[in-house]
1. Which one is farthest from the other protein chains (Cβ to nearest Cβ), of the residues in the range A:114-127 that are part of a helix (DSSP H, G or I) and crowded, with 17+ Cβ neighbours inside 10 Å?
2. So is A:Ala189 more than 14 Å from chain B (Cβ to nearest Cβ), more than 20 Å from A:Val148 (Cβ to Cβ) and modelled with pLDDT under 85 or not?
3. Just wondering, is there one or more residues in the range B:278-288 that are free of Cβ contacts under 8 Å to residues at least 40 places away in the same chain, not assigned by TED's automatic domain parsing to the domain that holds B:Phe208 and not small (Gly, Ala, Ser)?
4. Given the conditions (1) among the acidic types (Asp, Glu); (2) out of contact with any Asp or Glu (no Cβ under 8 Å at 6 or more places or on another chain); (3) within 8 Å of chain A (Cβ to nearest Cβ), which single one is not true for B:Glu61?
5. Going by the conditions given, is B:Val38 assigned to a helix (DSSP H, G or I), in contact with a strand residue (DSSP E or B) (Cβ under 7 Å, 6 or more places away or on another chain) and within 11 Å of DNA strand D (Cβ to nearest atom)?
6. Among the residues of the range A:127-147, which ones are closer than 18 Å to A:Ala281 by Cα and in contact with a helix residue (DSSP H, G or I) (Cβ under 7 Å, 6 or more places away or on another chain)?
7. Of the conditions (1) in contact (Cβ under 8 Å) with a residue 12 or more places away in the chain; (2) away from DNA strand D (no atom under 14 Å from the Cβ); (3) within 48 Å of the chain's Cα centre (by Cα), B:Arg76 satisfies every one except a single condition; which number is it?
8. What single numbered condition from (1) crowded, with 21+ Cβ neighbours inside 10 Å; (2) within 13 Å of another protein chain (Cβ to nearest Cβ); (3) touching a helix residue (DSSP H, G or I) at 6+ places or on another chain (Cβ under 8 Å); (4) of a type outside the set (A, V, I, L, M) fails to hold for A:Gly46?
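The values are calculated or read from the model by the stated rules, or taken from the named source; none is laboratory data. Quick caveat: nothing in here was measured; it's all calculated off a predicted structure. Please note: Cβ atoms are built from the backbone with ideal geometry, for glycine as well, and neighbour counts cover all protein chains shown. Side chains are part of the model used for accessible areas, which takes the heavy atoms of the whole protein and leaves out ligands, DNA and RNA. Shrake-Rupley method; radii C 1.70, N 1.55, O 1.52, S 1.80 Å.
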Protein chains: 2
Amino acid sequence: MSLSHGLYEAFLAVARAGSFTAAAHALGYTQSAVSRQVQSLEDEMGAELFERLPRGVRLTEAGRVLLPHAEAVRDRLAAARAELASLRTLDGGLLRLGAFSSATASLVPRAQAAFRERHPGVVVTRVEGPSVKHLGLVAAGEEDLAVVGPTPAAPPPPGVTLHHLLDEPMLVALAQGHRHAGRRAVRLAELADEEWITGHERLEDTLFRPAVAAGFRPRTGLLAHDWIAKLGAVAADLGITLVPALAAASVRPDVALVTIHPDDVPYRRICAAAPSTPTVAATAFLGVLRETAEALIPPTHP
Amino acid sequence: MSLSHGLYEAFLAVARAGSFTAAAHALGYTQSAVSRQVQSLEDEMGAELFERLPRGVRLTEAGRVLLPHAEAVRDRLAAARAELASLRTLDGGLLRLGAFSSATASLVPRAQAAFRERHPGVVVTRVEGPSVKHLGLVAAGEEDLAVVGPTPAAPPPPGVTLHHLLDEPMLVALAQGHRHAGRRAVRLAELADEEWITGHERLEDTLFRPAVAAGFRPRTGLLAHDWIAKLGAVAADLGITLVPALAAASVRPDVALVTIHPDDVPYRRICAAAPSTPTVAATAFLGVLRETAEALIPPTHP
DNA sequence: TGACTGCCATGTCTCTCTCGCATGGTCTGT
DNA sequence: ACAGACCATGCGAGAGAGACATGGCAGTCA
């Protein structure tokens, strides 16, 4: 049951050439080698594949039956080779991408567009979800790359390495008529009396986590889970809320955004999570992500 | 480029088991053997197929790409094996059958029906034509079996063996009102004054060949190439003609048939022409042909 | 923290398999 | 009858595949 693939190669060559000698010449083998290979295949199949004639050979019925199968196998193997090669050269393949929701507002779509421009053959699938989930998926090999924000579990899971992309400033969203609207920057202390709209009951789970750790205790009455609801409340001047810079582009026009000082609410560190041995496509996409991130928010480390 | 097929077997087993060790156990190999096989395939493909983890292995993207191809190849080879096996057991396959035209009146269709009854999986294709042509086709391997009558070229071509099926009596076709109609047998001498309808200009090319060689010189005015025309003329009492017994069943009812003495127009020797190394299906069909021939015209050798 | 366990890689040996060379047999065409 | 073409086969050298044993690495449990 060794059944080397060369047997089929020899079979096809002989079927094509109509003679062992000619096939051997075409394959760069000796006639005796081809004769033995065909014999091996015949033993393996339990049937004579060629009728030996004084002038060359001719396919038997078994040979005629086997021929299309052998051709199909040869073609399929060639297709597999070609597909693997196109994988190496980024002419094809699949990139399974993950990202947390506010990264999909501008960063990931832009990177995706740039990547598609350069490597149109690679299919990119994107899944949204919380960063922790993506870290797990990358570790499990079910995602090739993920854009993640900071997670409570500081060290990434084994087999996953984080590549820093950008430090995202935080903005404060205010109603257009708000007294701070129109300012370029604001300190958190100036907003201590505002009504804050948060995403979770526990402030530690929100973007406030660093500020809370520093002793900031805002008035939090309103709870809204999605951006639409949050910004709707802001527009109605029911309160104010934090907005990550990456989501700024998708904010409704009747809401004003004001930069908040990084000492009060620090930059959010956005990373790409890749397996320790990333895919060729993942590496390429990581490069595009870096460029896009730099174009969006230039690194202005204080 | 040896690329034994076992490589794919190992690859599939590992992909299925998720571990080299488990796959080796399933295949009855050692872990080291599977490790080397996978490595060979990876070298061959120029890509890592598995990601080595502390707990087993996991498919890389290249592995995921290769997997369906490998499965397809395995299935295709299995299909080829199955088809070849079914060929041996007459559960499938193709029988290319040839026959001269008057054999297709009753002998060949009956045999075909009996064969289909026993081996419904075998597809039988039938081609009509003159016997000499079929001998050539069988010799060329383009037909698996042929039913032929006597041919001018006495010895069959090399690689073709003739198997005697039956000796076919010759009949005389007469108009219903003919003076000889209704008789059981007739001698050629009694028909010397009749107008004979022949198929060819040269009498030597017709069923008369033996009689002509014996000195018989009939009046031949009418020439008709096909049976419809011949028997039409006979029915109109324009003349009489010879009809081989195998075609008797398909003669129109307003024509009478009378046996002619074998000393005058000898039995026509009907044979099956098979290659020296016939197909399983051809051998089986030959047996059915023998039975059918015996049932149609029992061998009454004088 | 240290021993243990499970898993894969690899060095080495052996045995089989394969290929090339040369020869022999068979059929064809001159 | 002889030369030519073609396939089968005996023989020897070389490569390849598998088994065995070992080593390295990571996770697990006491």
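1. The selected residue is A:Ala114.
2. So A:Ala189 fits the description; yes.
3. For the range B:278-288, residues free of Cβ contacts under 8 Å to residues at least 40 places away in the same chain, not assigned by TED's automatic domain parsing to the domain that holds B:Phe208 and not small (Gly, Ala, Ser): present.
4. All conditions pass for B:Glu61, except number (2).
5. So B:Val38 fits the description; yes.
6. A:Glu143, A:Asp144, A:Leu145, A:Ala146, A:Val147
7. (1)
8. Evaluating A:Gly46 over (1) crowded, with 21+ Cβ neighbours inside 10 Å; (2) within 13 Å of another protein chain (Cβ to nearest Cβ); (3) touching a helix residue (DSSP H, G or I) at 6+ places or on another chain (Cβ under 8 Å); (4) of a type outside the set (A, V, I, L, M) leaves (1) as the failure.
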